[in-house]
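Each value in this text was obtained by applying a stated rule to the coordinates, not by laboratory testing. From a predicted model like this one, the values you see are computed outputs, not experimental measurements. All Cβ positions, even for glycine, are placed from backbone atoms using ideal geometry, and neighbour counts span all protein chains on display.
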Amino acid sequence: MKYLILAFSLLTLAAGAQTNLDANAFEAKMKDNTQLLDVRTPSEFERGYLPGAKNVDWKNPETFKTAAASLDKNKPVLVYCYSGGRSATAADYLVKQGFKEVYNLEGGYLKWTSANKKVAAPALTPPPTAKNVLEASLKEHAVVLVDFYADWCGPCKKQAPILEKLKKEWAGKVAVLKIDTDKDPEIPRRYQIDEIPTLLLFKNGKLVNRLVGYREERNLRQEVESVW
């Protein structure tokens, strides 16, 4: 009977098994020649991940299967998710696919960060600033109309639908930009914007007109089309 139990145990080890590791043991294992999988969603991954991890979303079965097929079954695989549930299921799948060593981070990314372990984050491209957008538009377009506004400004809200209408009508002729004076104060200071709405009209990169206050469609159309 003892020989049967021993034989069964050896077969189980040969077939592979999932092992749960705490943050410290998981970190130590990462130093070996392992394959590290983050099975969370891409949006979760973008907020931070374990150094060297490859993002393979367990909730996307086809993507996960394809990624798993490209892994080396003879090398250890480390998996983790946010709290350990998804990665445990993913680890079980990998074991059934014939992977020899599969390690799951017990408690997941949550436990990892609470233990103050090292994390990484993708290099995200910062969104363009109002200054960048304006400078690019002045170089690219002959005529540029810039609307300086604020969300709380009543006349600005009244002006908005007129600008949207004309923006569509003037497509290819006039670039219409909107700059929130609360969010991007640098440009308003540069052009001494002290009232809103204020519309600045540029021709070939030079300021040619300053329209302060709400403008009716007819008046605004005349002012802009006069510089074409």
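Assorted remarks:
- The stretch 2-114, relative contact order [Cα under 8 Å, separation at least 6], %: 34
- Across the chain, the convex hull enclosing all Cα atoms gives 192 Å³ per residue.
- Charge context of residue 73, other residues only, Cβ under 13 angstrom, K/R +1, D/E -1: +1
- Relative contact order of the chain: 17 percent, from C-alpha pairs under 8 Å at least 6 residues apart in sequence.
- Normalised contact order of the stretch 167-213, rounded percent, pairs of Cα under 8 Å and 6 or more residues apart: 23
- Semi-axis lengths, largest first, of the ellipsoid equivalent to the stretch 2-114 are 25, 16, 12 Å, with √(5λ) applied to each eigenvalue of the Cα gyration tensor.
- For the set 111/183; 157/183; 173/206; 118/183; 54/131; 178/203, the pairs lying more than 25 angstrom apart at their alpha carbons are 111/183; 118/183; 54/131.
- The shape of the stretch 26-72 can be summarised by an equivalent ellipsoid whose semi-axes, obtained from the alpha carbon gyration tensor, come to 19, 15, 6 Å from longest to shortest.
- ³J(HN,Hα) computed for each position of the stretch 187-202 - Karplus, 6.51 cos²θ - 1.76 cosθ + 1.60, integer Hz, glycine/proline x: 5, x, 5, 4, 9, 6, 7, 10, 9, 9, x, 10, 10, 9, 10, 10
- Under the span-like rule (Cα at least 18 Å along the axis, Kyte-Doolittle mean at least 1.0), DSSP H helices of the chain: 2-15
- Listed residues 58, 170, 112, most fluctuating in the chain (Gaussian network, C-alpha, under 10 Å): 170
- Residues 34, 198 in ascending order of nearby Cβ atoms (within 10 Å, fewest first): 34, 198.
- Cysteines without a disulfide-compatible neighbour (Cβ-Cβ under 4.7 Å), the chain: 81
- Separation of the stretch 209-228 and the stretch 81-134, taken as the distance between their Cα centroids, equals 53 angstrom.
- The antiparallel fraction among DSSP beta bridges confined to the stretch 88-228 stands at about 65%.
- Residue-averaged 222 nm ellipticity for the chain, from DSSP H runs of 4+ at -39500 (n - 2.57), nearest 500: -12000 deg cm²/dmol
- Burial ordering of 195, 27, fewest other beta-carbon atoms within 10 Å first: 195, 27
- Footprinting exposure proxy for 32, 38, 184, 22 (fewest neighbouring C-beta atoms within 10 Å first): 32, 22, 184, 38
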